[in-house]
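Peer 1: Once you've had a glance at the structure underneath, I'll fire off some questions.
The values are calculated or read from the model by the stated rules, or taken from the named source; none is laboratory data. Only a predicted model underlies this, so the values are computations on that prediction, with no experimental measurement involved. Cβ: placed from backbone, ideal geometry, glycine included. Neighbour counts: every protein chain shown.
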Ligand code: TXA
Ligand code: MG
């Protein structure tokens with residue numbers, strides 16, 4: 001299959017639907033899969049109501065079929081066709097964070113979307129992306145779109161159309177290129193089916209921000225305690241991994257340099273994932289900075305692209321700085337730990 005690229009200028013808010021977006025929407029109506037930008041990462045969309053279309057997502061990504069998908073919508077009317085939610089908290093969350101990087105796990109209306117989307121669960125995950133192209137595409141297709149991140153299963157999520165091309169060229173109908181995404185990490189997944197909402201996956205909206213709107217919020221124990229099985233099926237898979245083994249170092253910069261030297265003495269080529277504050281003082285074969293520690297949203301935004309960049313070098317091992325696990329740092333450390341297969345070296 002030849003994968004089309006639709007280039008759309010992302011510098012201005014869309015005031016009309018671009019012909020390229022109309023074309024992509026037509027593909028979706030014909031049960032094809034199309035990648036599109038959101039404010040978090042690029043998604044791989046298909047008609048959430050069609051078994052045939054949704055199957056193509058799993059095929060293109062090589063994704064295990066027991067891992068359910070997020071349904072993307074452009075209006076609250078669309079949500080009402082999918083979920084019979086009643087809770088006051090859900091109303092407040094929608095009001096405060098949609099459109100935006102918050103996915104709500106809600107009770108589903110049977111038959112509203114393909115069983116393949118929800119992997120046999122009685123709940124459905126829904127979000128309204130804060131991106132003019134994503135919203136225009138959903139509206140033009142006039143469909144709820146099931147959309148995981150548009151990477152091959154196990155790879156870091158794509159934050160540019162080029163990343164999507166590298167993973168999925170020839171496997172999907174097309175890609176809408178709307179430039180680099182902003183947030184850089186996926187949405188926060190929040191289970192709203194219990195009395196107290198539970199974070200199943202930390203992401204673009206922080207625990208602190210959620211608590212300001214709806215009071216107490218819990219974190220799925222599996223994210224904190226090792227050995228607990230996660231409530232969100234996707235969280236059990238290793239993910240986001242670069243080719244070379246990655247270790248997170250909880251220690252000082254001189255300590256990182258000592259670790260690098262040790263490996264280099266064994267004849268290894270070493271990469272270090274660092275920040276602009278430290279980049280000038282790291283002594284390794286490949287030193288890549290993913291943002292500034294003074295503003296961790298810059299790290300969130302660049303993390304996946306930086307992990308992918310390491311694959312372009314012929315290196316044997318990567319050491320990464322650690323980040324404080326609060327605010328957006330919680331999502332950053334969650335993804336880094338997965339990329340590292342939980343391998344931490346403490347000074
Ligand atoms: O930012 C995002 O959320 C991106 C963009 C494209 O919207 N999408 C994304 O989708 O990250 P994906 O498929 O890579 O991750 C979906 C996560 C998985 O961890 C999955 O297990 C979880 O959401 N999930 C989906 N439906 C669920 C449900 N009913 N209950 C619990 N977890 C669910
Ligand atoms: Mg993903």
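Peer 1: Run down 234, 174, 227, 204 and say which single residue is modelled with pLDDT under 95 and more than 16 Å from ligand 2 (Cβ to nearest atom).
Peer 2: Working: 234 fails: more than 16 Å from ligand 2 (Cβ to nearest atom); 174 fails: modelled with pLDDT under 95; 204 fails: more than 16 Å from ligand 2 (Cβ to nearest atom).
Step by step, each of 234, 174, 227, 204 is checked, and only 227 is modelled with pLDDT under 95 and more than 16 Å from ligand 2 (Cβ to nearest atom).
Peer 1: With the requirement that a residue be within 12 Å of ligand 1 (Cβ to nearest atom), at pLDDT 95 or above and assigned to a loop (DSSP other than H, G, I, E, B), what does the stretch 25-67 give you?
Peer 2: 37, 38, 39, 40, 41, 42, 48 - these are the residues of the stretch 25-67 that are within 12 Å of ligand 1 (Cβ to nearest atom), at pLDDT 95 or above and assigned to a loop (DSSP other than H, G, I, E, B).
Peer 1: Identify, by number, the condition in (1) surrounded by fewer than 21 Cβ atoms within 10 Å (Cβ to Cβ); (2) within 9 Å of ligand 1 (Cβ to nearest atom); (3) under 18 Å from the mean Cα position of the chain (by Cα) that residue 123 doesn't meet.
Peer 2: In the conditions (1) surrounded by fewer than 21 Cβ atoms within 10 Å (Cβ to Cβ); (2) within 9 Å of ligand 1 (Cβ to nearest atom); (3) under 18 Å from the mean Cα position of the chain (by Cα), residue 123 misses (3) alone.
Peer 1: Still on this structure, I have one more. Quick one: is residue 149 on the phi < 0 side of the Ramachandran plot, surrounded by fewer than 23 Cβ atoms within 10 Å (Cβ to Cβ) and in the same structural domain as residue 57 (by TED's automatic domain parsing)?
Peer 2: Judged against the criteria, residue 149 is not a match.
Peer 1: Given (1) out of contact with any helix residue (DSSP H, G or I) (no Cβ under 7 Å at 6 or more places or on another chain); (2) in a loop (DSSP other than H, G, I, E, B); (3) in contact (Cβ under 8 Å) with a residue 24 or more places away in the chain, where does residue 240 come up short, assuming only one miss?
Peer 2: Of everything listed in (1) out of contact with any helix residue (DSSP H, G or I) (no Cβ under 7 Å at 6 or more places or on another chain); (2) in a loop (DSSP other than H, G, I, E, B); (3) in contact (Cβ under 8 Å) with a residue 24 or more places away in the chain, residue 240 misses just condition (1).
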